[in-house]
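The values are calculated or read from the model by the stated rules, or taken from the named source; none is laboratory data. Just so we're clear, the structure is a prediction, and the values are computed from it rather than from any experiment. FYI the Cβ positions are ideal-geometry reconstructions off the backbone, even for glycines, and counts take in every protein chain you see.
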Amino acid sequence: MGMSIIITIGGVVAVAIVAAVMMYGLPLAIRALQERRWGSIDGVLALTYDDGPDGVTTGQLLDLLDEKSVPATFYLVGFRAELNGEMLRRLRESGHQLATHTHSHKNAWKKPFWFEYRDAMRGYETLSGVVSEREAYRPPFGKITLLTWLGMRLRGRRVHWWTVPANDTLDSFDDPAVVAGRMLDSGERVVLMHCHHDEPHRREYMLALTRYLIDGARDRGLRLVTMRELEGGVVA
Ligand SMILES: [Zn+2]
């Protein structure tokens, strides 16, 4: 009797561990494969911006991208889109690639396992006027569950991470010219930045880094692309 209870408990624990590894661990492997695949594409650089739209930073970034005639990819947050309708309209008319980044921007690993999937789906609903049904999804903080990954893939949506973070949400930064040069020289393909910043020093850093990345990429003969173009390059 006692022994069978122990075996039963052992079985339950084993199943729970396998489920957790699949739910949280498999996406890590998928992410590593994606980074490798993107790393094998030559001659391109994708500038990507999360967490917008906001009332100030997004507009200044759009001005800069216009000035430089560079396409970028934006992963928008549903609740911020609801708060910044004017900027959302400007984004829609900008011609940049617009994708989703959930509705409420929570870390999937700090919520019950079903939370992210529902919040990701809600993001597509909130953003349905500007983001097409098949557009890509980027998980907040890069944290995703297998449930969400499968849910997106079954709907023909890609899940995007990045190859290098700009760390523009920190409080102290290296010289943006040096950071941009380092990223370009080490062959990074997809740079993660943010187009929502309340703090002026972070906003200034992100804008300066964007400028150095664009100029540096052109000096090196790289093509500045959206994620759609970059992924098209994988297939070609
Ligand atoms: Zn984010």
Cβ-Cβ below 6 Å, separation at least six or inter-chain, first residue in region 173-195 and in contact (Cβ under 8 Å) with a residue 12 or more places away in the chain, second within 16 Å of the ligand (Cβ to nearest atom) and aromatic (Phe, Trp, Tyr): which pairs?
190/162; 192/162; 193/49; 195/49
Hey, could you check region 123-163 for residues that are among the basic types (Lys, Arg) and closer than 17 Å to residue 194 by Cβ and say which is surrounded by the most Cβ atoms within 10 Å (Cβ to Cβ)?
138
In region 212-235, what count of residues is obtained for those that are within 20 Å of residue 51 (Cβ to Cβ) and either polar (S, T, N, Q) or in contact with a Pro (Cβ under 8 Å, 6 or more places away or on another chain) (or both)?
1
Which number in (1) in a helix (DSSP H, G or I); (2) out of contact with any His (no Cβ under 7 Å at 6 or more places or on another chain) marks the one condition that residue 119 misses?
(2)
Taking the criterion of being at pLDDT 95 or above, among the β-branched types (Val, Ile, Thr) and over 16 Å from residue 30 (Cβ atoms), would at least one residue in region 120-127 satisfy it?
yes
Of all residues in region 33-76, which are of a type in the set (S, T, N, Q), surrounded by fewer than 18 Cβ atoms within 10 Å (Cβ to Cβ) and within 16 Å of residue 168 (Cβ to Cβ)?
60
Among the listed residues 125, 135, which satisfies the condition of being out of contact with any strand residue (DSSP E or B) (no Cβ under 9 Å at 6 or more places or on another chain), without any contact (Cβ under 8 Å) to a residue 60 or more places away in the chain and at negative phi?
125
Taking only region 139-154 into account, find how many residues are away from the ligand (no atom under 12 Å from the Cβ) and part of a helix (DSSP H, G or I).
9
Could you look through region 73-87, keep only residues that are aliphatic (A, V, I, L, M) and more than 13 Å from the ligand (Cβ to nearest atom), and pick out the one that is farthest from residue 192 (Cα to Cα)?
83
The number of residues in region 92-105 that are outside any loop (DSSP other than H, G, I, E, B), away from the ligand (no atom under 16 Å from the Cβ) and without any contact (Cβ under 8 Å) to a residue 40 or more places away in the chain is 3
Here the residues within region 165-213 that are more than 16 Å from the ligand (Cβ to nearest atom) and in contact with a Ser or Thr (Cβ under 7 Å, 6 or more places away or on another chain) are 188, 189
For a quick check of your reading of the model, give me the residue pairs whose first member lies in region 152-166 and is under 15 Å from residue 191 (Cα atoms) and among the basic types (Lys, Arg), whose second is in a loop (DSSP other than H, G, I, E, B) and at pLDDT below 95, with beta-carbon atoms closer than 6 Å and at least 6 apart or on different chains.
none
Can you go through 6, 30 and tell me which one is closer than 23 Å to residue 138 by Cβ and either out of contact with any Phe, Trp or Tyr (no Cβ under 9 Å at 6 or more places or on another chain) or surrounded by 12 or more Cβ atoms within 10 Å (Cβ to Cβ) (or both)?
30
